[in-house]
Amino acid sequence: MDHVIGDDDLQLNEWGYYEPKPLPRVGTARLLGPVSVAELPGAAAASLYELDPPHEGHAFVLVVGVWSPTLVGTSIRPANADGTLAAPGHLRGGFAGAMDHVRALEHAGYDVVL
């Protein structure tokens, strides 16, 4: 069963949005490179990372900076090794208020290795 985020799991960030509290560090996220955002509606930038250990069952993730007139944020999406989306939905670690790949991965419990 997936973790359900409750009030105790949230904190107010500097932009006035609630975001999940960072998880304890469990592993590393290695940057593999940028990915085209052509097939990611609203995405401004995306990069592929390899996670050790896997996050919520996914060894590869796309970290996506999202920009629209009403929202700026960062999401973590399940990916395949070639940088394509592996499944719909978002993984824990994303937040609203800024486009920051490192911060999202740190929230998910990973140290980023560039």
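Coordinate-derived values only; no laboratory data. This structure is a prediction, so every number in the text was calculated from the model and none was measured.
Cα centroid distance between region 56-92 and region 97-112, in Å?
12
Note down the relative contact order for region 7-113 as a percent, whole number, built from C-alpha pairs under 8 angstrom at least six residues apart.
27
Computed over the Cα atoms of region 7-113, what is the convex hull's projected area averaged over all directions, in nm²?
Reported value for the Cα convex hull: 6.5 nm².
Calculate one ³J(HN,Hα) per residue across region 97-114 by plugging θ = phi - 60° into the Karplus curve 6.51 cos²θ - 1.76 cosθ + 1.60, and present them in order as whole Hz with x for glycine and proline.
Whole-Hz 3J(HN,Hα) from phi for region 97-114: x, 7, 9, 8, 5, 4, 4, 4, 5, 5, 4, 7, x, 10, 8, 8, 10, 8.
Taking only Cα atoms and a 10 Å spring cutoff, compute GNM fluctuations for the chain and point out the largest among Asp100, Asp82, Asp52.
Most flexible of the set in this elastic network: Asp82.
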